[in-house]
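Q: Dumping the structure here so I can ask a few things about it.
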Amino acid sequence: FKIDPSTFSLWCSAMRHLTRTQKHPPTLWMLYGNAVSHRNLRRELQAQGLDASTQLVFAPRVKVKEHLRRASLCDIAVDTPMYNSGATG
């Protein structure tokens, strides 16, 4: 519900660019939602020319401290304009 099509398209565009220029393809790491949202996001990622089986991972909800620890493993973190990293400040 918080990801609008233009934001998702922008993320996918950046991922396509990185797929062409980096040794390892980028992964979009998202908060675990539900089966319907997972299916829809995988379908849209595939439609954008990316490999949803390897480039889309769903992480479970955890406490903020753990979330910040695992987020430190990412090269870049993105959020939607509507929420703008409200969990991480």
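The values are calculated or read from the model by the stated rules, or taken from the named source; none is laboratory data. Quick caveat: nothing in here was measured; it's all calculated off a predicted structure. When we count neighbours, we look across all protein chains shown, and the Cβ atoms used for this are built from the backbone with ideal geometry, even at glycine. Areas reflect the complete protein model, heavy atoms only, side chains present, ligands, DNA and RNA absent. Shrake-Rupley method; radii C 1.70, N 1.55, O 1.52, S 1.80 Å.
Q: Using the Karplus curve 6.51 cos²θ - 1.76 cosθ + 1.60 with θ = phi - 60°, what ³J(HN,Hα) values do you get for each residue of region 56-69, in whole Hz, with x for Gly and Pro?
A: Couplings: 9, 10, 10, 9, x, 5, 9, 5, 4, 4, 5, 4, 5, 5 Hz.
Q: Averaged per residue, what accessible surface does the chain expose to a 1.4 Å probe, in Å²? Kindly include the intermediate steps, with their values, before the conclusion.
A: On the way: 6610 Å² over 89 residues.
Here the residues of the chain average 74 Å² of exposed surface.
Q: Order these peptides, 27-36, 72-81, 43-52, by their mean beta-carbon neighbour count within 10 angstrom, highest first. Let's see the in-between values first.
A: Working: 27-36: 12.7, 72-81: 10.0, 43-52: 15.3.
Ranking the peptides 27-36, 72-81, 43-52 by packing returns 43-52, 27-36, 72-81.
Q: Which percent of the accessible heavy-atom area of region 1-78 goes to carbon and sulfur, probe 1.4 angstrom?
A: It is 59 percent, rounded to a whole number.
Q: Give the label of the value calculated from the structure for mean projected area of the Cα convex hull in nm², choosing from [x] 6.6; [y] 5.9; [z] 8.5.
A: Looking at mean projected area of the Cα convex hull in nm² for this model, the match is [y].
Q: At a threshold of 8 angstrom on Cα-Cα distance, excluding pairs fewer than six apart, so keeping six or more, what relative contact order does the chain reach in percent?
A: 31
Q: Rounding to the nearest 10 and keeping the result within 0 to 90°, find how far the Cα-based axis of helix 5-21 lies from the longest principal axis of the chain.
A: Orientation of helix 5-21: about 70 degrees from the principal axis.
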